[in-house]
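Chemist: Mind having a look at this structure? Questions to follow.
The values are calculated or read from the model by the stated rules, or taken from the named source; none is laboratory data. Note that the structure is a prediction, hence the values are computed from the model and not measured. FYI the Cβ positions are ideal-geometry reconstructions off the backbone, even for glycines, and counts take in every protein chain you see. All accessible areas refer to the heavy atoms of the entire protein, side chains included, with ligands and DNA or RNA removed. Shrake-Rupley method; radii C 1.70, N 1.55, O 1.52, S 1.80 Å.
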Amino acid sequence: MLGAGEGGEAEVTKLVVASNRGPIQFEVDDDGNLSTSRGSGGMVAALGPALAGQGGTWVAAAISDGDRVAARKAKGGRRRVELAQGAVQLRSIVIDQPKYQAYYNRVSNRTLWFLQHHLFDVPRHPGFDRSFRDAWHAYTDVNVTFAEACEAEADEGGEVYVQDYHLSLVPAMLRERRQDIAINFFLHCPWVDPDSWAMLPEKVSGEILTGMLGADLLGFLVPRWARNFLRCCEAAGYQVDHAKDGGGQVRLDSGRVVSARAYPLGVDADLLRERAAKPDVRGQRRAMRDWARNRRLVVRVDRMELSKNILRGLDGFRFFLERNPRARGRVVHYVLAYASRRDLPEYQAYASEVRQKVDDINERFRTRNWEPVRLEAKDNYPRALAAMAMADVLIVNPVWDGMNLVAKEGPSVSDNDTVLILSRNAGAADDLADCAIVVNPFDTAELAESIRRALEMPADERASRAKALVVGASALPPRDWFDAQRADLQALWEAGGAKNKARKH
Ligand code: F6P
């Protein structure tokens, strides 16, 4: 739980971060009182600990009603907020609702997110009609607002770190306004191959590439996403030099050079273990123990999100029960899938299909004293930590995923040498392939077999894999991940910045 301070003084700092979702979310009660909770998702989980205490300003959209009330109460929309590891200054941007919906739901989530994770139902979607063009204008406008806020917050000669696909136009807009600052852009999701990328209208895909290439340094979660991005640049006619590590450089006509590199985000295992030892998590463990009653525990923890492949995960568990009658009554599957992007019809339909599938499995297999699957849809971080700590098997089977931090958090807090079943299409598979059971996320028969294999794995093999998982998961914890980008950005800026300074694009 994080706290927020009251309206603070305007503070111009060298370090500015911009993202759609901020580090905390405000809620407002009927009497107008504000309370806060941690912003959800991987980007916030990474940047919170990376930035806290560094004296930076975090520019973010006011998303909830509470965020908007808090933003209006704060002087100049700025307030100091306390994160778990230190304070940051939050600059909230209030955007009118229809525009925000078009930027966030229609373009960012229903189009760019769907594209980068291969979520389109291709015979029907996408269709880029007139209303999409209008939404694209809204997306562009919101990016302008962010660029203006970054411009106002950044000190002379400062650094700006722009996050994610919501803000892909900001780097070029910012460079146009300010040539004295070093700009980094980091993408927290995958990047598709050129054929998939070409589904976007040419104007849109071209503007996104131009927008991102306004940065000095582009960061991706793993080399394969950086490589795909560079291939898309090539297909669009840019001159690209590929490096052996998957990264490379794009040479612009102006002579400016933009670097693309991978920074495989990991977790801070010590910090997570410390958190998992707190009384609220211990309480949740007791509740989980009462429910599991010494049965083997198969766990998943996700947002209720199409890319997480929860339906096929449940199919895999069902097949496992069908093929392994002796496991019935001895294994339980705990599914924590907390609500996400509830305004989108695709997510509403997906959530109800997930609930239906859980009911079907329970109806088919339940006995008087055993219910095979338990689904919880509330965001409950202590409960998630307790479940991951106790899991015999952790399923992480996204169709595609930039990294997937659950795959790294789970083994880090495990006191049960958890076996990780991991989709090969998660970025995390690049770091953990040797010690996880790696699966094709579309092959539910393989998943069923993997659950059996994981549950039957000898203790010594579990232990050695678990040890290696923690090493792989914590190779680049958030602070080091951010520092590595910061060091690279500064080095690039010093080496080429003077030259680049003269060139706006
Ligand atoms: O790129 C992924 C991301 O933007 C992360 O911040 C997080 O994992 C998730 O998406 C959160 O999405 P939203 O802000 O739409 O809830």
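Chemist: Please verify whether the stretch 174-187 includes one or more residues that are more than 20 Å from Leu47 (Cβ to Cβ), in contact (Cβ under 8 Å) with a residue 12 or more places away in the chain and either within 16 Å of the ligand (Cβ to nearest atom) or open to solvent by less than 10 Å² (accessible area, probe 1.4 Å) (or both). Full working, then the answer.
Modeler: We begin by selecting, within the stretch 174-187, every residue more than 20 Å from Leu47 (Cβ to Cβ); these are 175-180.
With the extra rule that they be in contact (Cβ under 8 Å) with a residue 12 or more places away in the chain, the set shrinks to 175-180.
Filter once more, so that each one left must be either within 16 Å of the ligand (Cβ to nearest atom) or open to solvent by less than 10 Å² (accessible area, probe 1.4 Å) (or both): 175.
Within the stretch 174-187 (the criterion being more than 20 Å from Leu47 (Cβ to Cβ), in contact (Cβ under 8 Å) with a residue 12 or more places away in the chain and either within 16 Å of the ligand (Cβ to nearest atom) or open to solvent by less than 10 Å² (accessible area, probe 1.4 Å) (or both)), the answer is yes, since at least one residue qualifies.
Chemist: From the list Gly3, Gly22, Gly39, exactly one residue is at pLDDT below 90 and open to solvent by less than 10 Å² (accessible area, probe 1.4 Å). Which is it?
Modeler: Working: Gly3 fails: open to solvent by less than 10 Å² (accessible area, probe 1.4 Å); Gly22 fails: at pLDDT below 90.
One residue alone meets the criteria, Gly39.
Chemist: Within the stretch 159-168, restricting attention to residues that are within 16 Å of the ligand (Cβ to nearest atom) and among the hydrophobic types (A, V, I, L, M, F, W, C), which residue is surrounded by the fewest Cβ atoms within 10 Å (Cβ to Cβ)? Break it down into steps so the answer makes sense when it comes.
Modeler: Pass one, the stretch 159-168, residues within 16 Å of the ligand (Cβ to nearest atom): 161-168.
Restricting the remaining residues to those that are among the hydrophobic types (A, V, I, L, M, F, W, C) gives 162, 167.
Working: Val162: 31, Leu167: 27.
Step by step, filter the stretch 159-168, then rank; the result is Leu167.
Chemist: Report yes if Leu112 is more than 25 Å from Ala135 (Cβ to Cβ) and not assigned by TED's automatic domain parsing to the domain that holds Arg342, otherwise no.
Modeler: no
Chemist: Could I ask something else about it? Looking for whichever is assigned to a loop (DSSP other than H, G, I, E, B), within 16 Å of the ligand (Cβ to nearest atom) and open to solvent by 10 Å² or more (accessible area, probe 1.4 Å) here; the options are His118, His125. Which one fits? So that I can check it myself, show each step before the final result.
Modeler: Values: His125 fails: within 16 Å of the ligand (Cβ to nearest atom).
Of the residues listed, the single one that is assigned to a loop (DSSP other than H, G, I, E, B), within 16 Å of the ligand (Cβ to nearest atom) and open to solvent by 10 Å² or more (accessible area, probe 1.4 Å) is His118.
Chemist: Right, here's the next one. Of the residues Glu353, Glu376, Glu363, only one is touching a residue at least 24 places away in the same chain (Cβ under 8 Å) and open to solvent by 50 Å² or more (accessible area, probe 1.4 Å); which?
Modeler: Details: Glu376 fails: open to solvent by 50 Å² or more (accessible area, probe 1.4 Å); Glu363 fails: touching a residue at least 24 places away in the same chain (Cβ under 8 Å).
Matching residue, one of Glu353, Glu376, Glu363: Glu353.
Chemist: Can I ask one more? Checking the structure you have, find out if any residue of the stretch 418-430 is in the same structural domain as Asn309 (by TED's automatic domain parsing), away from the ligand (no atom under 16 Å from the Cβ) and small (Gly, Ala, Ser). Working first, answer last.
Modeler: First, the residues of the stretch 418-430 that are in the same structural domain as Asn309 (by TED's automatic domain parsing): 418-430.
Subset that is away from the ligand (no atom under 16 Å from the Cβ): 418-422, 424, 429-430.
Next, only the ones that are small (Gly, Ala, Ser) stay: 429.
Within the stretch 418-430, one or more residues are in the same structural domain as Asn309 (by TED's automatic domain parsing), away from the ligand (no atom under 16 Å from the Cβ) and small (Gly, Ala, Ser).
Chemist: With a cut-off of at least 3 residues that are closer than 23 Å to Asn324 by Cβ and charged (D, E, K, R), name the helices (runs of 4 or more DSSP H) lying wholly within the stretch 387-462.
Modeler: Numbers: elements: 406-413, 428-432, 444-456.
In the stretch 387-462, the matching helices (runs of 4 or more DSSP H) lie at 444-456.
Chemist: Specify which of the listed residues (Val81, Val142, Val88) is within 15 Å of the ligand (Cβ to nearest atom), not in a loop (DSSP other than H, G, I, E, B) and not acidic (Asp, Glu).
Modeler: Values: Val81 fails: within 15 Å of the ligand (Cβ to nearest atom); Val88 fails: within 15 Å of the ligand (Cβ to nearest atom).
Checking each option against the conditions leaves just Val142.
Chemist: Turning to a different aspect of this structure: Tell me, please, whether a residue that is in contact with a helix residue (DSSP H, G or I) (Cβ under 9 Å, 6 or more places away or on another chain) and open to solvent by 40 Å² or more (accessible area, probe 1.4 Å) can be found in the stretch 291-301.
Modeler: Start the filter on the stretch 291-301 by keeping residues that are in contact with a helix residue (DSSP H, G or I) (Cβ under 9 Å, 6 or more places away or on another chain), which leaves 292, 296-301.
Adding the requirement that they be open to solvent by 40 Å² or more (accessible area, probe 1.4 Å) leaves 296.
The answer is yes; a qualifying residue exists.
Chemist: Between Val94, Val17, Val12, which is open to solvent by 40 Å² or more (accessible area, probe 1.4 Å), at pLDDT 95 or above and within 20 Å of Ala152 (Cβ to Cβ)? First the steps, then the outcome.
Modeler: Values: Val17 fails: open to solvent by 40 Å² or more (accessible area, probe 1.4 Å); Val12 fails: at pLDDT 95 or above.
Going through Val94, Val17, Val12 in turn, the sole match is Val94.
Chemist: Inspect all residues belonging to the stretch 58-67 and state whether any of them is within 12 Å of the ligand (Cβ to nearest atom) and part of a loop (DSSP other than H, G, I, E, B).
Modeler: At the first step, the residues of the stretch 58-67 found to be within 12 Å of the ligand (Cβ to nearest atom) are 60-61, 63-64.
Restricting the remaining residues to those that are part of a loop (DSSP other than H, G, I, E, B) gives 63-64.
Yes, the stretch 58-67 has at least one match.
Chemist: Right, here's the next one. Determine whether Ser205 is small (Gly, Ala, Ser) and more than 22 Å from Ser254 (Cβ to Cβ).
Modeler: Working: small (Gly, Ala, Ser): yes; more than 22 Å from Ser254 (Cβ to Cβ): no.
Against the criterion (small (Gly, Ala, Ser) and more than 22 Å from Ser254 (Cβ to Cβ)), Ser205 does not qualify.
Chemist: Considering only residues of the stretch 139-158 that are surrounded by 21 or more Cβ atoms within 10 Å (Cβ to Cβ) and out of contact with any strand residue (DSSP E or B) (no Cβ under 9 Å at 6 or more places or on another chain), which is nearest to Asn309 (Cα to Cα)?
Modeler: So, considering only residues that are surrounded by 21 or more Cβ atoms within 10 Å (Cβ to Cβ) and out of contact with any strand residue (DSSP E or B) (no Cβ under 9 Å at 6 or more places or on another chain), the one nearest to Asn309 (Cα to Cα) is Tyr139.
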